[in-house]
Amino acid sequence: MVPPCAGLRVERGVLKQVLITGGAHRLGALLCQAFAQDGWRVWCHAQRSVTAAEALCQQLVAQGGQAQVVQADLASDSERQRMMAQIVAQGGPLHCLVNNASSFEPDGASDFEEDAMRGQLEVNLIAPLALSRLMAQSLAVNVEAGAHSIIHVLDQKVLNLNPDYFSYTVSKLALERSVALQAQALAPRIRVCGVAPGLMFLSGPQTPENFDRASKINLLQRAIDPGQVAATCLFMANNPALTGVTLAVDNGQHLVPLARDVMFVVDGTSKESHA
């Protein structure tokens, strides 16, 4: 659980604001809640889930926060530019960008379709890097060191490889490697960090029974609380000493090597091999 709203997060007379991509549902909604309750102005991005995003923002505003929906297709460069221009025009440059949205489709190294892979790379890798670039371009040269941050939401799979969900994994591996590169390239104006969650929600072909078992395959043998992942992102955004690092918030799932994705290890959700 995140704490009650602590008042507006204002620094040097400017309200701190964050863009959270894929903010309407699941982890994205928890991220919006965490930042709003900490006093940030939240830009909740949605592509198709605009109605859900609007309902979430209305709830956050009713609780005393500041939240607004911004719609864009992250696979479109012109849409990304339009969205960032809208944010800057209405609220000024971002203080934090949380790249949470992702495309997650099953495929393997021997059967992936090139167009489908390009689609996942566009959303999972190119969009976060492009939004980061636009954020950096919007900042003044002399902004306070460490006051702005970018957080990439990754996956514990980048630390614990298996061949399932091949295109998705490739995209997240590249984004994880970008954390250190961007931290070096964008310093000192922008800090860049990554968070690598484990299994948090029903995914793909999972049944509730499969999820219940799979979610406990980690060192602590208990399901991961998505709220703790959101709290970690907020901590990263507020801690001016963190940059170039990725934190695994996964109850130690990345230290339990598996030959298949965890959902396939638990009694036969899928007998297909995507190796």
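Where a number appears in this text, it was derived from the coordinates with a stated rule and is not lab data. As the structure is a computational prediction, the values presented were derived from the model and not from experiment. Counting neighbours? That spans all protein chains shown, and the Cβs are built from the backbone with ideal geometry, glycine included.
Amide H contacts of Val70 (H built 1.01 Å from N, in plane; Pro and chain starts excluded): Cys44, His45, Ala46 sit under 5 Å, all sequence-distant by 5 or more or on other chains. Taking amide H as placed 1.01 Å from N in the peptide plane, the amide H of Ala248 sits under 5 Å from that of Ala196, each at least 5 places away or on another chain. Comparing mean-square fluctuations of Asn239, Asn99, Asn218 from a GNM of the chain with C-alpha springs under 10 Å, the top value falls on Asn239. Rounded to the nearest 20 debye, the dipole magnitude of region 157-242 is 260 debye, with +1 charges on Lys and Arg beta carbons, -1 on Asp and Glu beta carbons, and the Cα centre as origin. Summed over qualifying helices (DSSP H, 4 residues or more, each -39500 (n - 2.57)) and divided by its residue number, the chain shows a 222 nm mean residue ellipticity of -12000 deg cm²/dmol. What the Kirkwood sum gives for the chain is a hydrodynamic radius of 19.0 Å, with every pair of different alpha carbons counted.
For region 217-223, putting each phi into the Karplus relation 6.51 cos²θ - 1.76 cosθ + 1.60 with θ = phi - 60° gives couplings of 8, 7, 5, 8, 6, 8, 5 Hz, in residue order, rounded to whole numbers and with x for Gly and Pro. By how many degrees, between 0 and 90 and to the nearest 10, does the Cα long axis of helix 50-62 differ from the longest principal axis of the chain? Taking Cα atoms only, the helix is inclined about 50 degrees.
Roughly what % of DSSP beta bridges within region 10-265 run antiparallel, to the nearest 5? Could the numbers behind the result be given before it?
Details: 2 of 29 bridges.
In region 10-265, approximately 5 percent of DSSP beta bridges are antiparallel ones.
One Cα centroid belongs to region 121-182, the other to region 70-114; the line between them spans 11 Å.
For a quick check of your reading of the filter: which GluC sites (Glu not before Pro) in region 64-126 sit in a DSSP loop and have no more than 13 other Cβ atoms within 10 Å?
Answer by residue number: Glu113.
For region 170-175, 3J(HN,Hα) computed residue by residue from phi via the Karplus equation (6.51, -1.76, 1.60; θ = phi - 60°) reads 4, 5, 6, 4, 5, 5 Hz, glycine and proline entered as x.
Sorting the segments 11-24, 148-161 by their residues' average number of neighbouring beta-carbon atoms within 10 angstrom, most packed first, yields 148-161, 11-24.
Computed from the alpha carbon atoms alone, the convex hull of region 71-177 holds 102 Å³ per residue. Residues whose amide H falls under 5 Å from that of Ile190, counting only those 5 or more places apart or on a different chain, are Gly146, with hydrogens built in the peptide plane. The charge dipole of region 10-265, taken about its Cα centre with unit charges on the Cβ of Lys, Arg, Asp and Glu (plus for the first two, minus for the last two), comes to roughly 780 debye.
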